[in-house]
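The values are calculated or read from the model by the stated rules, or taken from the named source; none is laboratory data. Keep in mind it's a predicted model, so treat the numbers as computed, not measured. Cβ: placed from backbone, ideal geometry, glycine included. Neighbour counts: every protein chain shown. Side chains included, ligands, DNA and RNA excluded: accessible areas come from the protein's heavy atoms. Shrake-Rupley method; radii C 1.70, N 1.55, O 1.52, S 1.80 Å.
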Amino acid sequence: MNRDDKHKDVMMKAIEEARKTMNADIGGPFGAAVIDADGKLLSVASNSVLHDHDATAHAEVNAIRKAGKVLGTYDLSGCTLITTAYPCPMCLGAIIWSNIKHVVYGCRPKDAEAIGFRDDFIYQFIKHETQNQDVLAIDEQFRMECLELFKEYAQKNKTIY
């Protein structure tokens, strides 16, 4: 089986999982899977925001968490994430933090927006460095106190991830 066929097979698993949990009102139409460098399936997950009462329980994050447990590490270098939609900003951050360098996706941010999701709105918010107090107030405070904690971490040569 070539790479594209393998990716399609894994995408169909992600779609199936998303459809199942979507119809059970567990979460939205989002599914994701992680495969290793050899194409071995490590995890399949769906969005479980509604069920878990957790705004961070997106399919990509859930799949990354499961794959990390399977491999016993936070470092998913060499893995590919396959997802039903272009990752939202939070998921994109999780993908980068986990060292995944390849993402295969289905729907675009505008497709998610067309059915009511805010992914593209958040991308635009970030892109334009919007300071919209109605959306989010971000205030820098207590920097000096927090820098002490950061310095302590660096001085102890703690793990950088």
The lone exception for LYS20 - which of (1) farther than 28 Å from GLN124 by Cα; (2) of a type outside the set (A, V, I, L, M); (3) surrounded by 17 or more Cβ atoms within 10 Å (Cβ to Cβ) it fails: (3)
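Is it true that some residue in region 96-108 is without any contact (Cβ under 8 Å) to a residue 60 or more places away in the chain, over 19 Å from VAL34 (Cβ atoms) and of a type outside the set (Ser, Thr, Tyr)? Show your work before the answer.
If we filter region 96-108 for residues that are without any contact (Cβ under 8 Å) to a residue 60 or more places away in the chain, which is where we start, we get 96, 98-99, 101-103, 105, 107-108.
Cutting the leftovers down to over 19 Å from VAL34 (Cβ atoms) gives us 108.
Now drop any that are not of a type outside the set (Ser, Thr, Tyr), which leaves 108.
Scanning region 96-108 turns up at least one residue that is without any contact (Cβ under 8 Å) to a residue 60 or more places away in the chain, over 19 Å from VAL34 (Cβ atoms) and of a type outside the set (Ser, Thr, Tyr).
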query: If we keep just the residues of region 81-128 that are assigned to a loop (DSSP other than H, G, I, E, B) and among the small types (Gly, Ala, Ser), which is surrounded by the most Cβ atoms within 10 Å (Cβ to Cβ)?
result: SER98
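Looking at region 27-58, which of its residues are touching a residue at least 40 places away in the same chain (Cβ under 8 Å), outside any loop (DSSP other than H, G, I, E, B) and not β-branched (Val, Ile, Thr)? Let's see the steps before the verdict.
If we filter region 27-58 for residues that are touching a residue at least 40 places away in the same chain (Cβ under 8 Å), which is where we start, we get 28-37.
Okay, now just the ones that are also outside any loop (DSSP other than H, G, I, E, B), so 31-35.
Result: GLY31, ALA32, ALA33.
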message: Scan region 139-148 and tell me whether some residue there is within 30 Å of ASP9 (Cβ to Cβ), open to solvent by 50 Å² or more (accessible area, probe 1.4 Å) and hydrophobic (A, V, I, L, M, F, W, C).
response: no
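So which of PRO29, PRO89 ends up being closer than 21 Å to CYS107 by Cβ and modelled with pLDDT under 95?
PRO89
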message: Could you go through region 51-62 and let me know if any residue there is under 18 Å from VAL103 (Cα atoms) and open to solvent by 50 Å² or more (accessible area, probe 1.4 Å).
response: no
